[in-house]
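Right, one structure below, let's go through it.
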Amino acid sequence: YLRKVAKSKQSRSLDLSCVGLWSFPPELSRLKYLTVLSLTGNSIAELSPDIALLTALVELSLADNSLKQVPVDLCRLTNLTDLSLIDNELSSIPPEFGHLKLLKSLHLDNNDLKTPPQEVVMKGTSEVLAYLRRIMGARDSRALELSFLDLRTFPVEYLGINGVK
């Protein structure tokens, strides 16, 4: 583990896949030069807000963990182009993820997502981000257009938006 961290300064990449982590190691938040971080295949159930200090990250893999939610703080990682959340226990993605303008690949397979609905997730990253931006916009405008999505159920995040038309 320590050897990998030491080598990461040169490569700007750190792979801590399948090393038995139960939480986000706090010392990682000091590695501000990292552009690629993989924490795949651990048992991480909760992320520290400190992960948002890794502002140079372009690729982040949190696949195959035990995450039940992702912190809104991840939205501060504005350089992210690839985010993998495959095989976790997520039921929702914060609408604020719609602000990640450089995000090209958002991998959400094998989660029990209610928000965004599966109908949206199946359409790919750009549709998921557009959907999340609509939710954020509805908080201000109080109007939300979703008829084109052919949703089978009413998404739960609308319950927190007062006065939606």
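The values are calculated or read from the model by the stated rules, or taken from the named source; none is laboratory data. In this text the structure is predicted, and so the values were computed from the model without any measurement. SASA here: full protein model, heavy atoms, side chains in, ligands and nucleic acids out. Shrake-Rupley method; radii C 1.70, N 1.55, O 1.52, S 1.80 Å.
Amide H contacts of residue 107: 83, 84, 85, each under 5 Å away and 5 or more positions distant or on a separate chain (H built 1.01 Å from N in the peptide plane; Pro and chain starts excluded). Protein heavy-atom surface of the chain, 1.4 angstrom probe: 53% of the accessible area is carbon and sulfur, with nucleic acids and ligands not counted. Could you tell me whether segment 2-95 comes out rounded, prolate or oblate from its Cα gyration tensor? Rule is a ≥ b ≥ c as square roots of the eigenvalues, rounded for a/c under 1.5, then prolate if a/b exceeds b/c, otherwise oblate. The shape class here is oblate.
Remark: segment 41-51, residue by residue, has Karplus-estimated 3J(HN,Hα) of x, 10, 10, 6, 9, 8, 9, 6, x, 4, 4 Hz, where x stands for each Gly or Pro and the curve is 6.51 cos²θ - 1.76 cosθ + 1.60 at θ = phi - 60°. Around the amide H of residue 14, modelled in the peptide plane, lie the amide H atoms of 36, 37, 38, all under 5 Å away and 5 or more residues distant in sequence or on another chain. Across the chain, how many lysine pairs separated by 8 or more positions, or lying on different chains, have Cα atoms within less than 26 Å? The result is 18.
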